[in-house]
Amino acid sequence: KQLLCYHFFMRYLGIDYGERRLGLAKADSETKIATPFKTILNNASVLNDLAHIVKTEVIEKIIVGVPISLDGQKNDFAYKITEFAEDLEARTDIPVTLENEVFSSKIASEMSEKIDESAAAIILQTHLDRL
């Protein structure tokens, strides 16, 4: 008798939202290590592009970074990102969670030349560490 062994783990996509570009990172619930993935353009097809990535990479949860100040306040850009996250969840039918990313781009710029992807990895790693 052959024993089949299945490993079930969740795949995550982290997003660092920018006016011109979105940095993306991936992780799974087994390794719990976020890695930079790619950068895509923030244009009219961005939701379709992300839906395609979600499907091909078999993503089950999306984490979007939103800048929230130390006193808990959201600025206009944070509200724009929140609206984007809601649109993304509706387009992909995948749960989207917001994660505070107030310092991620600054930290990423000190770590890597691929700032957008690295910021996305920091956002995603922060979420995974809190789980």
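Output the number of residues of segment 82-114 satisfying the condition of being open to solvent by 70 Å² or more (accessible area, probe 1.4 Å) and either at pLDDT below 95 or in contact with a Lys or Arg (Cβ under 9 Å, 6 or more places away or on another chain) (or both). Residues meeting the conditions: 7.
Applying the set (1) within 11 Å of Leu13 (Cβ to Cβ); (2) open to solvent by less than 70 Å² (accessible area, probe 1.4 Å) to Lys38 leaves exactly one unmet item: (2).
Yes or no: Ile15 β-branched (Val, Ile, Thr) and within 15 Å of Ile123 (Cα to Cα)? Here the answer is yes, as Ile15 does meet what is asked. If you go through segment 60-76 and keep only what is farther than 22 Å from Lys114 by Cα and surrounded by 13 or more Cβ atoms within 10 Å (Cβ to Cβ), you end up with Glu60, Lys61, Ile68, Lys74.
The values are calculated or read from the model by the stated rules, or taken from the named source; none is laboratory data. Everything numeric here is computed off the predicted structure, so don't read it as measured data. Note that we place each Cβ from the backbone using ideal geometry, even for glycine, and neighbour counts take in every protein chain shown. Ligands, DNA and RNA are excluded from the accessible area calculation, which covers all protein heavy atoms including side chains. Shrake-Rupley method; radii C 1.70, N 1.55, O 1.52, S 1.80 Å.
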